[in-house]
Amino acid sequence: MSDRLIIALDVPALDEARNLVNKIGDTGAFYKIGYQLFPLGGYDLAWDLAAAGKKVFIDAKLYDIGATVERGVASLTPLGAHLLTVHADTDTIKGAVAGRGDHQTLEIFAVTVLTSWDQDTVHAHGIDKAILDLVLFRAEMAAEAGADGVIASAAEAKEIKARFGDRLKIVTPGIRPQGVAADDQKRVITPGDAIRAGADRLVVGRPITKAPDPAASAREIVAQINAVSL
(Lines give C-alpha, C1' and ligand atoms only; values in the text may rest on other atoms or scores of the structure.)
Protein backbone atom coordinates (compact mmCIF):
# COMPACT_ATOMS: atom_id res chain seq x y z
CA MET A 1 0.00 0.00 0.00
CA SER A 2 1.23 3.49 -0.83
CA ASP A 3 -0.53 6.83 -0.45
CA ARG A 4 1.75 8.21 -3.16
CA LEU A 5 -0.59 6.54 -5.64
CA ILE A 6 -3.97 8.24 -5.98
CA ILE A 7 -6.48 6.07 -7.81
CA ALA A 8 -8.96 8.08 -9.87
CA LEU A 9 -12.51 6.75 -9.54
CA ASP A 10 -13.59 8.31 -12.83
CA VAL A 11 -16.43 5.87 -13.46
CA PRO A 12 -20.12 6.44 -14.33
CA ALA A 13 -21.80 4.75 -11.37
CA LEU A 14 -21.41 4.74 -7.61
CA ASP A 15 -21.73 0.95 -7.40
CA GLU A 16 -18.92 0.60 -9.92
CA ALA A 17 -16.71 2.88 -7.83
CA ARG A 18 -17.42 0.93 -4.65
CA ASN A 19 -16.75 -2.37 -6.44
CA LEU A 20 -13.41 -1.07 -7.66
CA VAL A 21 -12.42 -0.03 -4.15
CA ASN A 22 -13.32 -3.53 -2.93
CA LYS A 23 -11.37 -5.19 -5.75
CA ILE A 24 -8.28 -3.08 -5.18
CA GLY A 25 -8.40 -3.76 -1.46
CA ASP A 26 -5.48 -2.83 0.76
CA THR A 27 -3.35 -1.68 -2.19
CA GLY A 28 -5.56 1.39 -2.52
CA ALA A 29 -4.80 4.01 0.13
CA PHE A 30 -5.81 7.22 -1.67
CA TYR A 31 -8.76 7.79 -4.05
CA LYS A 32 -9.82 10.68 -6.28
CA ILE A 33 -13.48 11.57 -6.71
CA GLY A 34 -14.44 14.04 -9.42
CA TYR A 35 -17.27 15.51 -11.46
CA GLN A 36 -18.55 12.21 -12.78
CA LEU A 37 -19.48 10.91 -9.34
CA PHE A 38 -20.39 14.14 -7.54
CA PRO A 39 -24.09 14.14 -8.59
CA LEU A 40 -24.37 10.36 -8.09
CA GLY A 41 -23.42 10.24 -4.42
CA GLY A 42 -19.72 10.99 -4.73
CA TYR A 43 -19.65 13.06 -1.58
CA ASP A 44 -21.21 10.20 0.39
CA LEU A 45 -18.54 7.92 -1.05
CA ALA A 46 -15.86 10.37 0.05
CA TRP A 47 -17.28 10.29 3.57
CA ASP A 48 -17.35 6.48 3.59
CA LEU A 49 -13.79 6.16 2.27
CA ALA A 50 -12.46 8.61 4.86
CA ALA A 51 -14.33 6.75 7.61
CA ALA A 52 -12.70 3.51 6.41
CA GLY A 53 -9.24 5.04 6.82
CA LYS A 54 -8.62 5.89 3.17
CA LYS A 55 -7.37 9.26 2.00
CA VAL A 56 -9.66 11.18 -0.34
CA PHE A 57 -8.93 13.68 -3.09
CA ILE A 58 -11.93 15.86 -4.01
CA ASP A 59 -11.16 16.98 -7.56
CA ALA A 60 -13.60 19.90 -7.62
CA LYS A 61 -11.38 22.37 -9.52
CA LEU A 62 -13.18 25.26 -7.86
CA TYR A 63 -12.97 28.64 -9.56
CA ASP A 64 -15.01 31.62 -8.36
CA ILE A 65 -14.75 34.77 -6.30
CA GLY A 66 -12.97 34.19 -3.02
CA ALA A 67 -16.01 34.56 -0.76
CA THR A 68 -17.97 31.96 -2.73
CA VAL A 69 -15.07 29.52 -2.72
CA GLU A 70 -14.55 30.08 1.01
CA ARG A 71 -18.14 29.09 1.77
CA GLY A 72 -17.98 26.11 -0.57
CA VAL A 73 -14.79 24.76 0.97
CA ALA A 74 -16.18 25.25 4.47
CA SER A 75 -19.11 23.05 3.44
CA LEU A 76 -16.75 20.37 2.13
CA THR A 77 -14.45 20.09 5.15
CA PRO A 78 -16.71 17.75 7.17
CA LEU A 79 -16.20 15.04 4.52
CA GLY A 80 -12.75 14.34 5.96
CA ALA A 81 -10.97 14.69 2.61
CA HIS A 82 -7.22 15.20 2.44
CA LEU A 83 -6.84 17.06 -0.86
CA LEU A 84 -9.01 19.55 -2.75
CA THR A 85 -8.33 21.19 -6.09
CA VAL A 86 -8.99 24.77 -7.12
CA HIS A 87 -7.82 26.68 -10.16
CA ALA A 88 -4.65 28.74 -9.92
CA ASP A 89 -6.28 32.10 -9.27
CA THR A 90 -5.16 34.21 -6.31
CA ASP A 91 -8.62 35.10 -5.03
CA THR A 92 -9.85 31.52 -5.46
CA ILE A 93 -6.88 30.04 -3.60
CA LYS A 94 -7.10 32.51 -0.73
CA GLY A 95 -10.81 31.79 -0.40
CA ALA A 96 -10.15 28.04 -0.28
CA VAL A 97 -7.46 28.44 2.37
CA ALA A 98 -9.80 30.60 4.46
CA GLY A 99 -12.65 28.13 4.01
CA ARG A 100 -10.49 25.27 5.21
CA GLY A 101 -10.04 27.02 8.52
CA ASP A 102 -8.63 24.71 11.19
CA HIS A 103 -9.05 21.54 9.09
CA GLN A 104 -5.32 21.30 8.43
CA THR A 105 -5.55 17.72 7.14
CA LEU A 106 -7.24 19.18 4.03
CA GLU A 107 -4.61 20.40 1.59
CA ILE A 108 -5.43 22.95 -1.10
CA PHE A 109 -3.87 22.24 -4.50
CA ALA A 110 -3.97 24.62 -7.44
CA VAL A 111 -4.35 23.33 -10.98
CA THR A 112 -1.64 24.81 -13.22
CA VAL A 113 -2.11 23.52 -16.79
CA LEU A 114 -4.22 20.45 -17.54
CA THR A 115 -2.22 17.48 -18.83
CA SER A 116 -4.72 17.20 -21.70
CA TRP A 117 -3.38 20.55 -22.99
CA ASP A 118 -0.43 20.99 -25.31
CA GLN A 119 1.19 24.16 -26.63
CA ASP A 120 -1.41 24.54 -29.38
CA THR A 121 -4.17 24.45 -26.75
CA VAL A 122 -2.45 27.14 -24.71
CA HIS A 123 -2.20 29.36 -27.78
CA ALA A 124 -5.84 28.67 -28.68
CA HIS A 125 -6.77 30.20 -25.31
CA GLY A 126 -4.98 33.41 -26.22
CA ILE A 127 -1.99 32.74 -23.96
CA ASP A 128 1.42 33.53 -25.46
CA LYS A 129 3.53 31.84 -22.79
CA ALA A 130 5.25 28.50 -23.29
CA ILE A 131 3.65 25.74 -21.21
CA LEU A 132 6.55 25.60 -18.74
CA ASP A 133 6.51 29.36 -18.23
CA LEU A 134 2.74 29.31 -17.71
CA VAL A 135 2.99 26.47 -15.19
CA LEU A 136 5.72 28.26 -13.23
CA PHE A 137 3.78 31.52 -13.31
CA ARG A 138 0.71 29.81 -11.88
CA ALA A 139 2.81 27.86 -9.37
CA GLU A 140 4.22 31.17 -8.09
CA MET A 141 0.68 32.48 -7.76
CA ALA A 142 -0.30 29.35 -5.83
CA ALA A 143 2.65 29.61 -3.45
CA GLU A 144 2.06 33.29 -2.72
CA ALA A 145 -1.66 32.72 -2.11
CA GLY A 146 -1.03 29.96 0.43
CA ALA A 147 -1.73 26.76 -1.51
CA ASP A 148 -0.15 23.56 -0.21
CA GLY A 149 0.72 22.30 -3.65
CA VAL A 150 -0.02 22.20 -7.35
CA ILE A 151 -1.39 19.82 -9.92
CA ALA A 152 1.16 19.68 -12.71
CA SER A 153 2.57 17.39 -15.36
CA ALA A 154 5.78 15.57 -14.48
CA ALA A 155 7.28 17.37 -17.49
CA GLU A 156 7.27 20.51 -15.33
CA ALA A 157 7.81 18.90 -11.92
CA LYS A 158 11.60 19.18 -11.95
CA GLU A 159 11.45 22.92 -12.59
CA ILE A 160 8.77 23.42 -9.93
CA LYS A 161 10.87 21.56 -7.35
CA ALA A 162 13.97 23.51 -8.31
CA ARG A 163 12.20 26.84 -7.86
CA PHE A 164 9.92 26.17 -4.89
CA GLY A 165 11.47 23.23 -3.04
CA ASP A 166 9.26 22.15 -0.14
CA ARG A 167 6.99 25.19 -0.46
CA LEU A 168 4.80 23.32 -2.94
CA LYS A 169 3.95 19.64 -3.16
CA ILE A 170 3.28 18.24 -6.62
CA VAL A 171 0.51 15.86 -7.64
CA THR A 172 0.88 14.60 -11.19
CA PRO A 173 -1.87 13.22 -13.43
CA GLY A 174 -1.33 11.95 -16.98
CA ILE A 175 0.51 8.86 -15.72
CA ARG A 176 0.71 5.93 -18.11
CA PRO A 177 2.76 2.78 -17.45
CA GLN A 178 4.95 1.66 -20.32
CA GLY A 179 2.86 0.32 -23.20
CA VAL A 180 -0.46 1.78 -22.02
CA ALA A 181 -2.39 4.09 -24.38
CA ALA A 182 -2.23 7.83 -23.67
CA ASP A 183 -6.01 8.23 -24.33
CA ASP A 184 -6.92 11.97 -24.17
CA GLN A 185 -3.73 12.97 -22.34
CA LYS A 186 -1.07 14.98 -24.21
CA ARG A 187 1.77 15.23 -21.68
CA VAL A 188 2.14 11.71 -20.28
CA ILE A 189 4.95 9.97 -18.41
CA THR A 190 5.60 6.64 -16.69
CA PRO A 191 5.22 6.28 -12.89
CA GLY A 192 8.93 5.87 -12.23
CA ASP A 193 9.92 8.80 -14.40
CA ALA A 194 7.31 11.01 -12.72
CA ILE A 195 8.68 10.27 -9.25
CA ARG A 196 12.23 10.82 -10.46
CA ALA A 197 11.14 14.19 -11.90
CA GLY A 198 9.95 15.33 -8.47
CA ALA A 199 6.27 14.40 -8.27
CA ASP A 200 5.14 13.70 -4.71
CA ARG A 201 1.99 11.78 -5.66
CA LEU A 202 0.63 10.32 -8.88
CA VAL A 203 -2.96 10.21 -10.10
CA VAL A 204 -3.78 7.10 -12.13
CA GLY A 205 -7.21 6.23 -13.47
CA ARG A 206 -7.86 4.10 -16.54
CA PRO A 207 -4.64 2.04 -16.40
CA ILE A 208 -6.02 0.69 -13.10
CA THR A 209 -9.80 1.00 -13.34
CA LYS A 210 -10.00 -0.46 -16.86
CA ALA A 211 -7.44 -3.21 -16.24
CA PRO A 212 -8.58 -6.87 -16.18
CA ASP A 213 -7.17 -7.05 -12.65
CA PRO A 214 -7.28 -3.57 -11.06
CA ALA A 215 -5.56 -4.74 -7.87
CA ALA A 216 -2.62 -6.22 -9.78
CA SER A 217 -2.28 -3.08 -11.88
CA ALA A 218 -2.29 -0.91 -8.76
CA ARG A 219 0.31 -3.13 -7.09
CA GLU A 220 2.58 -2.86 -10.13
CA ILE A 221 2.40 0.94 -10.11
CA VAL A 222 3.06 1.04 -6.36
CA ALA A 223 6.08 -1.21 -6.95
CA GLN A 224 7.39 1.21 -9.58
CA ILE A 225 6.90 4.14 -7.18
CA ASN A 226 8.63 2.30 -4.34
CA ALA A 227 11.53 1.23 -6.57
CA VAL A 228 12.36 4.89 -7.18
CA SER A 229 11.61 6.00 -3.62
CA LEU A 230 13.95 3.53 -1.92
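The values are calculated or read from the model by the stated rules, or taken from the named source; none is laboratory data. Keep in mind that this is a model prediction, so the values were computed, not measured. No Cβ is skipped: glycine too gets one built from the backbone with ideal geometry, and neighbour counts run over all protein chains shown.
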Residue among Asp89, Asp128 that alone is among the charged types (D, E, K, R) and surrounded by 20 or more Cβ atoms within 10 Å (Cβ to Cβ): Asp89
Taking Leu136 as the residue in question, decide whether it is more than 25 Å from Thr105 (Cα to Cα), of a type in the set (A, V, I, L, M), modelled with pLDDT of 95 or more and within 19 Å of the chain's Cα centre (by Cα). yes
Looking at Val171, Val111, Val150 in this structure, which one is modelled with pLDDT of 95 or more and in contact with a Gly (Cβ under 9 Å, 6 or more places away or on another chain)? Val171
For the list (1) in a loop (DSSP other than H, G, I, E, B); (2) among the charged types (D, E, K, R); (3) farther than 25 Å from Val69 by Cα, I need the number of the one condition that Asp102 fails. (3)
All but one of (1) in contact (Cβ under 8 Å) with a residue 40 or more places away in the chain; (2) farther than 18 Å from Leu9 by Cβ; (3) in contact with a Lys or Arg (Cβ under 7 Å, 6 or more places away or on another chain) hold for Glu107; which doesn't? (3)
Tally the residues that are surrounded by 14 or more Cβ atoms within 10 Å (Cβ to Cβ) and among the small types (Gly, Ala, Ser), restricting the search to the stretch 12-28. 2
What strands (runs of 3 or more DSSP E), lying completely within the stretch 1-99, carry at least 1 residues that are in contact with a Phe, Trp or Tyr (Cβ under 7 Å, 6 or more places away or on another chain) and closer than 23 Å to Ala216 by Cβ? 2-8, 28-33, 55-62
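Here's the yes/no breakdown for (1) over 15 Å from the mean Cα position of the chain (by Cα); (2) closer than 22 Å to Gly95 by Cβ; (3) charged (D, E, K, R):
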site	(1), (2), (3)
Gln119	yes, no, no
Glu140	yes, yes, yes
Gly149	no, yes, no
Ala162	yes, no, no
Gly165	yes, no, no
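Conditions tested, residue by residue: (1) within 22 Å of Ala17 (Cα to Cα); (2) surrounded by fewer than 23 Cβ atoms within 10 Å (Cβ to Cβ); (3) at pLDDT below 95; (4) not β-branched (Val, Ile, Thr).
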position	(1), (2), (3), (4)
Gln178	no, yes, yes, yes
Pro191	no, no, yes, yes
Gly198	no, yes, yes, yes
Pro207	yes, yes, yes, yes
Being modelled with pLDDT of 95 or more, among the aromatic types (Phe, Trp, Tyr) and within 19 Å of the chain's Cα centre (by Cα) is true for just one of Tyr31, Tyr35. Which residue is that? Tyr31
Filter the stretch 40-53 for residues that are crowded, with 19+ Cβ neighbours inside 10 Å and touching a Gly at 6+ places or on another chain (Cβ under 8 Å) and give the result. Gly42, Ala46
